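One structure below.
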Amino acid sequence: MNAGLADLVERGIADPERAVVAGWSWGGYVTLLELGKHPELWRCGIAGVPIGDYEDGYEDLSPLLKAYDRSLLGGAEPRDVPELMRDRNPINFVDNVRAPVLFVIGRNDSRCPYRQAMRYVERLERRGHPHEVYVFETGHGSFDVDERVRQVSTILRFLAQHVPGVSGSSETEPAGASSTVS
């Protein structure tokens, strides 16, 4: 990802002062890792249904998803690979985050559980770091068109606030949203 951004900047395609990192699910996990491990690169970040605390989230997963995670970790649980978790758990780098972050979190998400994502948010709150949280009531995603419109409106407004040259929705709070701003 970082090499790709560097290449785009070098070729004049991307403006390093306006670079945004964003992703959903595993991409939300990568977004939080990027913001914490490479804070100098990003103007802001959008973490959709992210893994913010890998170790904590493992405890709330279904048996099938726990088995999948163990396969990713060579048969071990996250607590059994502390060196790897020190380097790969986003919450370990939360104090390095410099850019504002928008979180889009499903309250009933069984893949990227709400509690572990909110642990990351709480760490940002404790240090007074700028962030927003948009919570929707379903799980890992929503098939409701109105909900998707609210999420996209929230994202566009956030980008308009934090990235020069981006214009967003004129709405200050999409109808039906549950969000907090710090």
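The values are calculated or read from the model by the stated rules, or taken from the named source; none is laboratory data. These numbers come from a predicted model, not from an experiment. Reconstructed Cβ throughout: ideal geometry from the backbone, glycine too, with neighbour counts over all protein chains shown.
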### Task
Select, from LEU35, LEU61, LEU65, the only residue that is part of a helix (DSSP H, G or I), in contact with a Ser or Thr (Cβ under 8 Å, 6 or more places away or on another chain) and surrounded by 14 or more Cβ atoms within 10 Å (Cβ to Cβ).
LEU65
#### Entry: So ILE51, is it β-branched (Val, Ile, Thr), in a strand (DSSP E or B), under 30 Å from ALA160 (Cα atoms) and touching a residue at least 60 places away in the same chain (Cβ under 8 Å)
no
### Task
Would you point out the residue of segment 80-117, among those that are of a type in the set (Gly, Ala, Ser) and buried (at least 19 other Cβ atoms within 10 Å of the Cβ), that is nearest to the chain's Cα centre (by Cα)?
ALA117
#### Entry: Top-ranked residue in segment 118-150 [being out of contact with any helix residue (DSSP H, G or I) (no Cβ under 8 Å at 6 or more places or on another chain) and buried (at least 20 other Cβ atoms within 10 Å of the Cβ); ranked as farthest from ASP53 (Cα to Cα)]
ARG150
### Message
Exactly one condition in (1) among the small types (Gly, Ala, Ser); (2) under 18 Å from the mean Cα position of the chain (by Cα); (3) outside any helix (DSSP H, G or I) is false for ALA76; which is it?
### Response
(2)
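So which of ILE91, ILE155 ends up being at pLDDT 95 or above, in contact with a Phe, Trp or Tyr (Cβ under 6 Å, 6 or more places away or on another chain) and part of a helix (DSSP H, G or I)?
The unique qualifying residue is ILE91.
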